1. In this structure, is THR39 at pLDDT below 90 and surrounded by 12 or more Cβ atoms within 10 Å (Cβ to Cβ)?
2. Residues that are modelled with pLDDT under 95 and closer than 19 Å to ILE99 by Cβ: does region 11-22 have at least one?
3. List every residue pair whose Cβ atoms lie under 7 Å apart, where the two residues are 6 or more positions apart in sequence or sit on different chains, the first residue falls within region 19-35 and is of a type in the set (Gly, Ala, Ser), and the second residue, located anywhere, is open to solvent by 60 Å² or more (accessible area, probe 1.4 Å) and part of a helix (DSSP H, G or I).
4. Among PHE55, PHE86, which is modelled with pLDDT of 85 or more and either touching a Cys at 6+ places or on another chain (Cβ under 8 Å) or under 21 Å from GLY22 (Cβ atoms) (or both)?
Amino acid sequence: MPLAYRDYPVYNGKRFTDGGIGDSIPVRQAYAMGARKITVILSQPLGYHKKPGRFNWLTKQLLKSTPALADTMQARWQDYNASLDFIANPPADCSIEVIA
């Protein structure tokens, strides 16, 4: 998590962070890349939906040097829930197995 470490890992001159921040459940990305049989492992029980953050002001303050990251973290709940919706209603050419 971006708030848990002092410096971001750097690779080829670019700073990186946990991929789960940008896409908690990358099922839609897998589909966009051509996957049609997808297995998703959830760390939460089926039926769980993420709620909006309660401390967005604090996130913005702590990540003021990386505003795009702060914005991504604040919208994370929407992305997570959109992935759950995709899992519940996949396109006709896609089958998704869920382990929760």
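The values are calculated or read from the model by the stated rules, or taken from the named source; none is laboratory data. Predicted, not measured: the structure shown is a model, and the values here were computed from it. When we count neighbours, we look across all protein chains shown, and the Cβ atoms used for this are built from the backbone with ideal geometry, even at glycine. Each accessible area value is taken on the protein alone, full model and side chains, heavy atoms only, with ligands, DNA and RNA left out. Shrake-Rupley method; radii C 1.70, N 1.55, O 1.52, S 1.80 Å.
1. Details: at pLDDT below 90: no; surrounded by 12 or more Cβ atoms within 10 Å (Cβ to Cβ): yes.
No, not satisfied.
2. Yes, some residue in region 11-22 is modelled with pLDDT under 95 and closer than 19 Å to ILE99 by Cβ.
3. Between residues of region 19-35 that are of a type in the set (Gly, Ala, Ser) and residues that are open to solvent by 60 Å² or more (accessible area, probe 1.4 Å) and part of a helix (DSSP H, G or I), the close pairs are SER24/ARG76.
4. Testing whether each residue is modelled with pLDDT of 85 or more and either touching a Cys at 6+ places or on another chain (Cβ under 8 Å) or under 21 Å from GLY22 (Cβ atoms) (or both) leaves just PHE86.
Residues are listed down the side, and each one gets a yes or a no for (1) closer than 29 Å to TYR8 by Cβ; (2) open to solvent by 80 Å² or more (accessible area, probe 1.4 Å); (3) not in a loop (DSSP other than H, G, I, E, B):
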residue	(1), (2), (3)
GLN29	yes, yes, yes
SER43	yes, yes, no
LYS50	yes, no, no
TRP57	yes, yes, yes
LYS60	yes, yes, yes
ALA68	yes, no, yes
THR72	yes, no, yes
ASP79	yes, no, yes
PRO91	no, no, no
